[in-house]
Amino acid sequence: MLERYASNVGNSAATLQGMSLADATLARNAWIEIDLAALEANLAAMRRAVGPTVELFAVVKANAYGHGAAPVSRTLEQAGVDRFAVAWLDEALALREAGITRPILVLEHTFPASAQAAVASNVDCTVHSRELALALSEAAVVAGRPANVHIKVDTGLHRFGLDAREAIDLARFCRALPGLNVDALWTHMANADEDDDTFSLDQLAQLQAVRDALPWVPHCHAANSATALRRPELRFDAIRTGLALYGLVPANTPDPALTPVLSLKARLARVHVVAAGQGVSYGHTWRAPRDTVVGLVPVGYADGWRRSLGNRGEVLVHGRRCPIVGRVCMDQLLVDLSALPSRPVEGDETVLLGEQGGQRITADEIATLTDTISWEVVAALLPRLPRIAHRAGWVSSVG
Ligand SMILES: *Cc1c(COP(=O)(O)O)cnc(C)c1O
């Protein structure tokens, strides 16, 4: 047994490739599993939902919502996704480094000083100013190949973008510059997954007016996951989907049979009895009502597991829900194991997010407990947790 424990911590990712998940995680304290088959199935489900004529941008910003941008993007590219979208240029350049060849769109602000880097890596920018347009045009002329640009219309989110009038002017300005190709107009919905998303129709009308003024721009995209699934009239010829690819369903949105891609697991680091009346963890915010078997789970707020889950959340152990007791620490938390029929031992697998023995803890459940949304639950998981990507339990990459 000791030999097996020694066999995988510190081993290179290459050694772990092809190993079973069970073996690859045997001596790990805590890790994330990324189910690549589920990711592919979610892509297929979104394609079915929106139809074959709508292009799909995979939104892989923020390390693919905490799932690991490189393995997720490679899998999606192989599965035939049309394009990628990220928030910032650095994220796009990292995807190119990882070998991604499909078009990549930067959704948010880019400085003119970065135009050359964008053009050199064939990354499409969202253009918001004449300065950026001029810099991209110059870089494209020097590089000898056209640069695609997208223009974002601010139709009411009042975040990044341009008012309708400014967008039309900038699109015409770009059209007249050498080396620039205005590829698409786009916008982003303010109330995509709200109970009442009728404001989306106001936004649609504004976008439509800009499109009417610029009939020569070939593409248009407006829908995120929720809007793509709720409002066919806003699909245009492309959608930008993030959350749904990761198998999470936005609020107020029909579920096209998605499967969660990410699980967070850990092995018990200690199992011991806390005597009646003793307090556990900082501040002794929980005291054992009787002699209680308590387990130590090596995940904490420095992994992105919220401190506010102290005395609130649950963890699956032996396929049952066990309550978190006391405060969540930086590196670990405690669970009350006293309801289990048999006593766990050090090394037993626990599930913080995902499925075990037919029970499931969802990102939505954690989001409700921590007063946030599922996007934040997964995107907040920090790099200290290794991402083990697998297909049907066989490791494909570790990062
Ligand atoms: C993050 C983001 C998306 C993806 O949204 P989901 O709800 O995760 O599908 C789409 N468009 C823009 C502009 C975004 O910032």
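None of the figures in this text is laboratory data; all of them are computed from the coordinates on show. Keep in mind that what you see is a predicted model, and the values were worked out from it rather than measured. Don't worry about glycine lacking a Cβ; one is built from the backbone with ideal geometry, like all the others, and counts go over all protein chains shown.
One table, with the values for the structure above:
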| item | result |
| --- | --- |
| Virtual spin-label span in nm between residue 102 and residue 278, 7 Å along Cα→Cβ | 5.4 nm |
| Cut-off 13 Å between beta-carbons: net charge of the residues surrounding residue 229, Lys and Arg +1, Asp and Glu -1 | +2 |
| Evaluated over the stretch 107-259, the Cα radius of gyration and Dmax, each in Å | 16.3, 49 |
| Ellipticity estimate at 222 nm from DSSP helix runs (n ≥ 4, -39,500 (n - 2.57)) divided over the chain, nearest 500 | -8000 deg cm²/dmol |
| Beta bridges by DSSP in the chain, antiparallel share as percent, to the nearest 5 | 55 percent |
| Spin-label model distance (nm) - residue 141 vs residue 205, 7 Å beyond Cα toward Cβ | 4.2 nm |
| Cα-Cα pairs of the stretch 25-83 separated by more than 18 Å (percent) | 39 percent |
| Where only C-alpha atoms are counted, convex hull volume of the stretch 253-399 per residue in Å³ | 123 Å³ |
| Square roots of five times the Cα gyration tensor eigenvalues for the stretch 192-297, Å | 52, 15, 12 |
| Förster radius 30 Å - calculated FRET efficiency between residue 233 and residue 22 (Cβ-Cβ, nearest 0.05) | 0.05 |
| Pairwise Cα inverse-distance average, inverted: Kirkwood Rh of the stretch 1-124 (Å) | 16.5 Å |
| Percentage of interatomic Cα-Cα distances in the chain larger than 30 Å | 47 percent |
| Kirkwood hydrodynamic radius (C-alpha pairs) into Stokes-Einstein, the stretch 60-181, 37 °C and 0.692 mPa s, D in µm²/s | 223 µm²/s |
| Rg ratio (alpha-carbon, reference 2.2 N^0.38 Å) - the stretch 122-201 | 1.25 |
| J(HN,Hα) series, the stretch 41-55, from Karplus relation 6.51 cos²θ - 1.76 cosθ + 1.60, nearest Hz, glycine and proline x | 5, 5, 4, 4, 5, 5, 4, 4, 5, 9, x, x, 8, 9, 6 |
| Residue-span extension gain [residue 251 to residue 194] - 0.36 nm each, minus C-alpha spacing | 19.8 nm |
| Computed E for residue 368/residue 213 - FRET, C-beta separation, R0 45 angstrom, nearest 0.05 | 0.55 |
| With Cα atoms, 0 to 90° folded angle of helix 69-78 axis to the chain main axis | 60 degrees |
| Where only alpha carbons of the stretch 278-332 are counted, the Rg and the Dmax (Å) | 10.9, 31 |
| Separation of alpha-carbon centers, the stretch 223-278 and the stretch 290-347, rounded to whole Å | 22 Å |
| Cα-based helix-to-principal-axis angle, 199-213 vs the chain, degrees rounded to 10 | 30 degrees |
| Distance between modelled label sites at residue 343 and residue 359, nm, 7 Å Cα→Cβ extension | 1.9 nm |
| Estimated FRET transfer efficiency (residue 111, residue 391; beta-carbon r; R0 51 Å; 0.05) | 0.80 |
